[in-house]
1. Scaled to the compact-protein estimate 2.2 N^0.38 Å, what is the alpha-carbon radius of gyration of the chain, rounded to two decimal places?
2. Taking segment 23-85 as the region of interest, what is the percent of Cα-Cα pairs per 10 angstrom bin, listed from the shortest bin to the one with the maximum distance?
3. For segment 110-133 and segment 15-41, write down the distance between their C-alpha centroids in whole Å.
4. Of Arg43, Arg28, Arg146, which has the most accessible area and how do the rest follow, probe 1.4 Å?
5. For Arg16, what is the net charge nearby, where nearby means another residue's Cβ is under 14 Å from its Cβ and Lys, Arg count +1, Asp, Glu -1?
6. Separation between the Ala203 and Phe100 pseudo-spin-labels, each 7 Å from Cα along Cα→Cβ, expressed in nm?
7. Karplus couplings for segment 44-61 from phi (6.51 cos²θ - 1.76 cosθ + 1.60, θ = phi - 60°), rounded to Hz, Gly and Pro as x?
8. Long-range amide H contacts for Ser104: which residues qualify at under 5 Å (H placed 1.01 Å from N, peptide plane, sequence gap of 5 or more or a different chain)?
Amino acid sequence: MTDVRTREKWDKLAPRFDVMAGQGPEVRWKPFKERLFGHMDGRILFLALGTGLDIPTFPPGKDITAIDISPKMLEQAQGRIEGYDGHLHAEVMDVHEMRFAPDSFDQVYTSCTFCSVPDPVGGLKALYRVLKPGGKLFMFEHTGSRYYPFRYMLNAMTVLTQRIGPSMNRKTVDNVRAAGFRITEVENIFLDVVKTIKEYKSA
């Protein structure tokens, strides 16, 4: 059953999301996202498309299926979806309830997503299911920190932020391993908070 509470939270945020996230963060992280998304190949699943702010960083000519739990987010994304130079099909779907058959995709991509998935290990296991054996998962994520004082700051911030959007203290690398993926690379972009994670499903 779709997580109605999470869907409603992001539906409410959709009209304001571009104003909140579309300037500083997107400009700052754009080169790193372009480099990560430059690996796109084969049949691709993009999780949590949101309002489509990541679409301009996609390489052209790719075959991408995108999902998001929020129909309001995808309504805001429609212009960017239509403007993509390739095949981009978007559907309203909860990662925990994906309707795709096992082994459907060659690659899966996420972008600041697993700070918000209610059951992160369960969501990652769902991605594992729809990836082909040997398929790859590429993630651009912000996580909690191991270091003082950032660990305590992010824990304190999460008390407030998770009510309206993301958690700031997720242990995403540990969650990836718990879901069964084999990690090939973790690259810290800003401290140990913003990072890219590359992993694959065993053949």
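The values are calculated or read from the model by the stated rules, or taken from the named source; none is laboratory data. Everything numeric here is computed off the predicted structure, so don't read it as measured data. Every residue, glycine as well, gets a Cβ built from its backbone with ideal geometry; the counts of neighbours run over all protein chains shown. In case anyone asks, the SASA skips ligands and DNA or RNA and just uses the protein heavy atoms, side chains included. Shrake-Rupley method; radii C 1.70, N 1.55, O 1.52, S 1.80 Å.
1. Normalised Cα radius of gyration, the chain: 0.95.
2. 21, 55, 24, 0
3. 19
4. Arg146, Arg28, Arg43
5. Neighbour charge sum, excluding Arg16 itself: 0.
6. For Ala203 paired with Phe100, the spin-label model returns 2.1 nm.
7. 10, 10, 10, 8, 6, 5, x, 8, x, 4, 7, 4, x, 9, 6, x, x, x
8. The answer is Leu131, Lys132.
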